[in-house]
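The values are calculated or read from the model by the stated rules, or taken from the named source; none is laboratory data. Predicted model only: the values in this text are computed from it and were never measured. When we count neighbours, we look across all protein chains shown, and the Cβ atoms used for this are built from the backbone with ideal geometry, even at glycine.
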Amino acid sequence: MTAAAATTVTPPAPTQPHVSFRGQHIPVVLPRRGDPRLKLSAVIMTLHVLGQTLLDFKVSIAQIIVSILFCAVVEAAVTFRSHRILVWPASGILTGSSVAFILRASGTAHGDWWSLRGIHFFVLAGLISLLSKHLIRPSGRHLFNPSNVGIVWCLLVIGPNHVFAQYLWWGPNRVGVALAYAVILIGAVWILRSVRMVPMALSFLVTFAVVIGAFALSGRSFIAIWHEEPISGLSYWLNIAASPELLVFVFFMISDPQTAPKAPEGRVIYGAATAAVAAGLIFFQPTEFAIKVAILSSLTVVCALVPFIESASRRLRLDERAPSDVQLPEAPPLPRRLVAAVRRPAVIAALIIAVAAPVDTALLAGNKQVILIERGQVGARNAQ
């Protein structure tokens with residue numbers, strides 16, 4: 001989800017906290033009160049608590065703790081190795097918490113508080129998330145939202161027999177669902193305003209609501225293991241466009257300032273483009289599993305396009321500000337820039353991920369195994 005502020009490494013000031021080890025002074029960077037990542041962590045942890053108490057989430061406390069600790073330790077170790085500085089691993093904690101909030105191991109029942117069933121899937125998702133963050137950096141900053149890539153990879157490669165994403169429907173407990181919506185909406189205002197992502201979120205929600213509404217009117221439907229009959233009509237729209245899981249995705253995952261465009265107009269395009277890609281991937285999907293993967297995969301695709309969105313935004317601003325009699329320098333031809341880009345390993349890795357995610361997601365539409373699981377005719381996802 002959102003890694004709202006990148007770790008900045010600066011030389012230690014005389015009064016900066018540090019630890020001494022074998023005669024060396026190692027700077028220590030502690031949590032900063034205004035860091036938006038702390039706000040987001042507080043919101044997600046509150047939702048974790050609701051999931052464990054009122055919403056019957058099928059994830060154990062042990063799975064959550066291990067996921068967070070693993071990602072925190074890896075993030076802290078990588079930062080220390082690179083910069084010789086001890087940094088509070090806010091991004092790692094948030095990545096682990098996000099993975100545990102969305103990913104589910106098949107067979108885990110609510111109330112299995114200390115179950116470690118499928119814990120290797122959580123660890124693997126966290127590891128892929130952090131590897132993508134630290135290795136796929138074609139422009140000097142990470143290209144993909146870390147937890148998004150890890151979760152998408154696990155859902156597509158490991159598959160629905162072993163893992164799935166948190167349901168779009170959060171259960172019959174009306175008090176719990178109402179509290180969850182309140183936490184999500186209050187958290188959205190609290191966080192999105194501070195990172196200037198409100199227009200982006202609105203551009204996604206409006207675009208997505210309109211297109212999914214058109215799908216519902218056209219008679220589209222999907223099946224889900226938590227519902228006996230196919231879901232269509234108004235229920236189709238409500239369970240997708242107004243799902244708390246969708247709102248968490250919009251407000252707290254695609255709003256990552258480190259992977260979103262910097263310019264305001266670029267962020268609006270980014271939000272609308274993510275909604276359009278998500279809707280395009282959803283249209284042919286007959287199952288809830290595939291719809292959830294489509295929503296998550298849309299961000300993977302659009303994150304890969306962010307450099308192009310930013311380039312177009314910069315060019316637009318230059319055109320608007322330049323006097324009419326001033327000739328702006330021409331950018332190198334696109335083919336030449338593409339040839340230069342694809343020679344870099346990070347760009348090749350990004351292209352593979354950006355292409356594989358939507359292709360594999362589209363193939364879920366014809367996956368009979370997923371359909372049987374959602375109909376409850378396959379016991380692979382028992383107790384789901």
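If you go through segment 156-179 and keep only what is farther than 22 Å from Gln52 by Cβ and either of a type in the set (A, V, I, L, M) or surrounded by 24 or more Cβ atoms within 10 Å (Cβ to Cβ) (or both), you end up with Leu156, Val157, Ile158, Pro160. Picking from residues in segment 120-163 that are of a type in the set (A, V, I, L, M, F, W, C) and assigned to a loop (DSSP other than H, G, I, E, B), the one that is farthest from the chain's Cα centre (by Cα) is Ile136. Taking residues in segment 286-297 that are assigned to a strand (DSSP E or B), and partners anywhere that are of a type in the set (Gly, Ala, Ser), the pairs with Cβ atoms closer than 8 Å and at least 6 places apart or on different chains are Thr287/Ala224. Pick from segment 60-87 the residues that are out of contact with any strand residue (DSSP E or B) (no Cβ under 6 Å at 6 or more places or on another chain) and outside any helix (DSSP H, G or I): which of them is surrounded by the most Cβ atoms within 10 Å (Cβ to Cβ)? Among those residues, the one meeting the criterion is Ser60.
The residue pairs whose first member lies in segment 37-62 and is on the phi > 0 side of the Ramachandran plot, whose second member is surrounded by fewer than 19 Cβ atoms within 10 Å (Cβ to Cβ), and whose beta carbons are closer than 6 Å, counting only pairs six or more residues apart or on different chains, are Asp56/His110; Asp56/Gly171.
Kindly indicate which of Pro199, Pro244 is surrounded by fewer than 17 Cβ atoms within 10 Å (Cβ to Cβ) and either touching a residue at least 60 places away in the same chain (Cβ under 8 Å) or over 26 Å from Arg37 (Cβ atoms) (or both). Before the answer, list the steps.
Values: Pro244 fails: surrounded by fewer than 17 Cβ atoms within 10 Å (Cβ to Cβ).
Testing whether each residue is surrounded by fewer than 17 Cβ atoms within 10 Å (Cβ to Cβ) and either touching a residue at least 60 places away in the same chain (Cβ under 8 Å) or over 26 Å from Arg37 (Cβ atoms) (or both) leaves just Pro199.
If you check Arg267, Arg337, which single one turns out to be modelled with pLDDT of 90 or more and basic (Lys, Arg)?
Values: Arg337 fails: modelled with pLDDT of 90 or more.
Going through Arg267, Arg337 in turn, just one is modelled with pLDDT of 90 or more and basic (Lys, Arg): Arg267.
Screening the candidates Val123, Val163 for the property of being farther than 22 Å from Ala260 by Cβ and in contact with a strand residue (DSSP E or B) (Cβ under 8 Å, 6 or more places away or on another chain) yields one hit, Val163. Taking the criterion of being touching a Lys or Arg at 6+ places or on another chain (Cβ under 7 Å), in contact (Cβ under 8 Å) with a residue 12 or more places away in the chain and within 16 Å of Val248 (Cβ to Cβ), would at least one residue in segment 87-101 satisfy it? So far as segment 87-101 goes, yes, one or more of its residues are touching a Lys or Arg at 6+ places or on another chain (Cβ under 7 Å), in contact (Cβ under 8 Å) with a residue 12 or more places away in the chain and within 16 Å of Val248 (Cβ to Cβ).
Within segment 112-131, the set of residues being free of Cβ contacts under 8 Å to residues at least 12 places away in the same chain and farther than 20 Å from Ala349 by Cβ comprises His120 only. Of the residues in segment 132-152, not one is closer than 25 Å to Leu363 by Cα, surrounded by fewer than 21 Cβ atoms within 10 Å (Cβ to Cβ) and either touching a residue at least 24 places away in the same chain (Cβ under 8 Å) or among the polar types (S, T, N, Q) (or both). Consider segment 95-117 and keep the residues that are in a helix (DSSP H, G or I) and among the hydroxyl-bearing types (Ser, Thr, Tyr). The one that is surrounded by the fewest Cβ atoms within 10 Å (Cβ to Cβ) is Ser97.
Name the residue, out of Val210, Val277, Val268, that is part of a helix (DSSP H, G or I) and surrounded by fewer than 15 Cβ atoms within 10 Å (Cβ to Cβ). Quick ask: steps written out before the conclusion?
Details: Val277 fails: surrounded by fewer than 15 Cβ atoms within 10 Å (Cβ to Cβ); Val268 fails: surrounded by fewer than 15 Cβ atoms within 10 Å (Cβ to Cβ).
Among Val210, Val277, Val268, only Val210 is part of a helix (DSSP H, G or I) and surrounded by fewer than 15 Cβ atoms within 10 Å (Cβ to Cβ).
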